[in-house]
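The values are calculated or read from the model by the stated rules, or taken from the named source; none is laboratory data. Bear in mind that the values here come from a model prediction, so they are computed numbers and not experimental data. In this analysis, Cβ positions are derived from the backbone assuming ideal geometry, glycine residues included, and neighbour counts consider all displayed protein chains.
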Amino acid sequence: MIKVVNLKKKYGDFEALKGISFSIERGIIFSFLGPNGAGKTTTLEILVGLRKKTSGEIYFFGQKVDDIDKKIKERIGVLLQKTELFRELTVYETLKLFRSFYKKGYDPKKVLEMIGLVEKKNERVKTLSGGQFQRLSFGLSFINDPEILFLDEPTTGLDPQSRRHIWDIIREFKRGGKTIFLTTHYMEEAQTLSNKVCIIDNGLIIAEGSPDELIKHSGLSTIVEVDGEYNFGKVVEGKTIIETKNMSEVINKLLNDGVEKFIVRHPTLEDVFLKLTGKELRD
Ligand SMILES: Nc1ncnc2c1ncn2[C@@H]1O[C@H](COP(=O)(O)OP(=O)(O)OP(=O)(O)O)[C@@H](O)[C@H]1O
């Protein structure tokens, strides 16, 4: 569906993408997971034709493309991190307007239902809450019924309920055979949604695979997470993360030291990232 070979992007002297390669098969949810500044938005915006690559090759639908032209744009949908909309239009007018830009697509009424904004249909865009605005922007991104949907951090800043709602729609698209390219710095989002994850840091892909494969190949076994700082392990966001192959030894040591507040869990993608880079996903 999409193939990227040795993609590089320079902003002046700064190399934001240092030669990345990956491929996205039809019908999968593919995530780009990485911290702020890793190069996620740069990659997505090059793929949708909003930024120019410095070098490298991009293939869409089996063909090499140098310009992301109108023909490709008819077949893709895009949700950027910030969407500019006409504040005075109503929700429904906005959906109808965006629908008119494309030859084919969803009935705006159907999209209203999908994004849960039927009751806000006749409200002006300027009156929407942040979460409602984001859901409308999300609805607009797929109004042309695209084959590939590009979503740049679609749930950043949303409450858990709205986030789950968007996840459900993304899963529904996948069931319908669509391909989704997602950027996120939410480990949970990448882990729960994706068939394939590329972990990107400093303009380079440092690991690639399904969430389970990434965890398996990391060699991580059991994680003991202690509330607060402790004298071994890594301190992350006020917790101490201890990775061990000998869980009972660690637990005995903690209990001997009088530490009672800890949990034992399976490793997550966040642990994989921490192991690979020595730093956390969130700044
Ligand atoms: N127009 C630009 N001019 C100069 N540098 C830029 C420009 N856009 C991005 N950069 C730099 O390129 C690097 C990658 O930025 P990018 O926005 O792609 O990261 P990101 O992974 O999407 O981060 P975030 O999670 O914060 O959106 C960063 O160091 C950023 O400062």
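What to note about this one:
One line per residue, one yes/no per condition, for (1) over 30 Å from residue 184 (Cβ atoms); (2) at pLDDT 85 or above; (3) surrounded by 13 or more Cβ atoms within 10 Å (Cβ to Cβ):
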| position | (1), (2), (3) |
| --- | --- |
| 259 | yes, yes, yes |
| 269 | no, yes, yes |
| 272 | no, yes, yes |
| 280 | no, no, yes |
| 283 | no, no, no |
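- The helices (runs of 4 or more DSSP H) falling completely within region 176-283 that include 3 or more residues that are out of contact with any strand residue (DSSP E or B) (no Cβ under 6 Å at 6 or more places or on another chain) and over 22 Å from residue 150 (Cβ atoms) map to 211-217, 247-256, 269-277.
- Meets criteria (of a type outside the set (D, E, K, R), touching an Asp or Glu at 6+ places or on another chain (Cβ under 7 Å) and more than 25 Å from residue 134 (Cα to Cα)) for residue 5: yes
- Boolean, residue 6 is of a type in the set (S, T, N, Q), within 10 Å of the ligand (Cβ to nearest atom) and either over 16 Å from the mean Cα position of the chain (by Cα) or under 30 Å from residue 274 (Cβ atoms) (or both): no
- Only one entry in 122, 36 is surrounded by fewer than 15 Cβ atoms within 10 Å (Cβ to Cβ) and within 16 Å of the ligand (Cβ to nearest atom), namely 36.
- As a summary of the residue check, residue 111 satisfies the conditions (1) within 21 Å of residue 171 (Cα to Cα); (2) part of a loop (DSSP other than H, G, I, E, B); (3) not acidic (Asp, Glu) except for the one numbered (2).
- Sole residue being more than 30 Å from residue 169 (Cα to Cα) and in the same structural domain as residue 165 (by TED's automatic domain parsing), chosen from 256, 195, 252, 202: 202
- The condition (being within 11 Å of the ligand (Cβ to nearest atom), hydroxyl-bearing (Ser, Thr, Tyr) and surrounded by fewer than 18 Cβ atoms within 10 Å (Cβ to Cβ)) is satisfied by just one residue among 59, 11: 11.
- Residue within region 136-145 that is without any contact (Cβ under 8 Å) to a residue 40 or more places away in the chain and in a helix (DSSP H, G or I) present: no
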